[in-house]
Amino acid sequence: MNLRIIRAIVMKDLVDVLKNKSLVTVLVVPLFIAALYLVFNIAIQTPARVLAYNPDGVPLSDTLKLGPPRMSLENATSAAAVRANLADKNSVYDYGIVVPAGAIAEMKAGKRPALELYINGQKVKDYIDQERVRESFFGYFQAQAGLPPYQPISQVFNPTSSGAGNSVELARQNQAFFATIALAIVPISVGIYLLPGLIVEEKEKKTIRLLLTSPARAIDVVIAKSMVSFFYTMVLSLLIMLAYIGNIADLPLLLLFIVLGNLFACALGILFGAYFNDIQTVYVWVSGVGLILMLPIFFVLPFLANIPGLSQALYLIPSYYLAKGMLGASIGDITFESGLLFAGLLAAFTLAAFLVAAWTLRRRTIFV
């Protein structure tokens, strides 16, 4: 393996990809889909309603971390009005907040003003979401005043034993679904399209012969082009992940599935690039395989996952484990054992694809 040759090919292809209009279009499409999902989700999202007595005008969107459009703020005339409204079983508010005048100044002076947070249990039914808001609210004031933790007033009115989530939590789950779709599409729509195109393009232009008459070997060319494809798919994946990062429950696990998914795409790309010699044929096959790999991405969503017999059929498609793992990591409803199982199965499919690709490279020269 010649590292100098690999580096030269990588630098050349990184630029060539951006000069190719069709490849740039392929790179942009997942970003467009992710942006479309974000806009759609914001449009349908129901903001949390907050009733506050806040005479100093403390930025409550920072305290709850529910900025517009996730928060609709209304001011109360007194602290008593906030308590009375949230205690009412028919209250329309998700949260009630009381921040007395001069609260932050008093805390900095070593006093403990009566900060109050009330949660409507009929609206905010998810215990985890309740705790998250408590931590955000009180943590903000502690950070502002530089004081150690203390116990202000916090109460859940009208608690319910229902397992249903509140509007904010449902909105977070919707964004997690959209993040899964957008992230899982990247290795399929970009990874298995980009890499074989880079390899076959060299065959069609006969430049592969020039590369291989230099000190470069076939393995150097394949590694270099795989690195280019992996780089672009990882950049796209990370950009999409950053757009949804506030709604991702298990970031390390999601990163693991992103890496595995893009490695799987590289393995398939090497296979297609080694086997086919013209760009039209390779894109026909990539489109067909890509369509099959796309199916599990949509059918792991809750409203489609329970179709009789469908789950069993999807077990045979590697992208099922990619989508299932990404969805579980995004929502946070996957156990460590399940996450490890899905990651292991996806890694096994990836290894198998690399082995088949290596066998194909040995059987078929990449000379035209």
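The values are calculated or read from the model by the stated rules, or taken from the named source; none is laboratory data. Note that this is a predicted model, so its numbers are computed, not measured. No Cβ is skipped: glycine too gets one built from the backbone with ideal geometry, and neighbour counts run over all protein chains shown.
Inspection of segment 50-70 identifies no residue that is at pLDDT below 90 and assigned to a strand (DSSP E or B).
Flag not set for residue 257, criterion: of a type outside the set (A, V, I, L, M), surrounded by fewer than 18 Cβ atoms within 10 Å (Cβ to Cβ), within 26 Å of residue 352 (Cα to Cα) and at pLDDT 90 or above. Residues considered: 101, 184. Of these, the only one that is at pLDDT 80 or above, assigned to a loop (DSSP other than H, G, I, E, B) and either in contact with a strand residue (DSSP E or B) (Cβ under 9 Å, 6 or more places away or on another chain) or not acidic (Asp, Glu) (or both) is 101. Remark: pairs (first residue in segment 356-368, of a type in the set (Val, Ile, Thr); second residue modelled with pLDDT of 55 or more and exposed (fewer than 12 other Cβ atoms within 10 Å of the Cβ); Cβ separation under 8 Å; 6+ apart in sequence or on different chains) = 368/206. Checking each residue in segment 248-271 for being among the aromatic types (Phe, Trp, Tyr) and either on the phi > 0 side of the Ramachandran plot or in contact with a Ser or Thr (Cβ under 9 Å, 6 or more places away or on another chain) (or both) picks out only 264. Among the residues making up segment 113-135, a single one is among the aromatic types (Phe, Trp, Tyr) and modelled with pLDDT under 80: 127.
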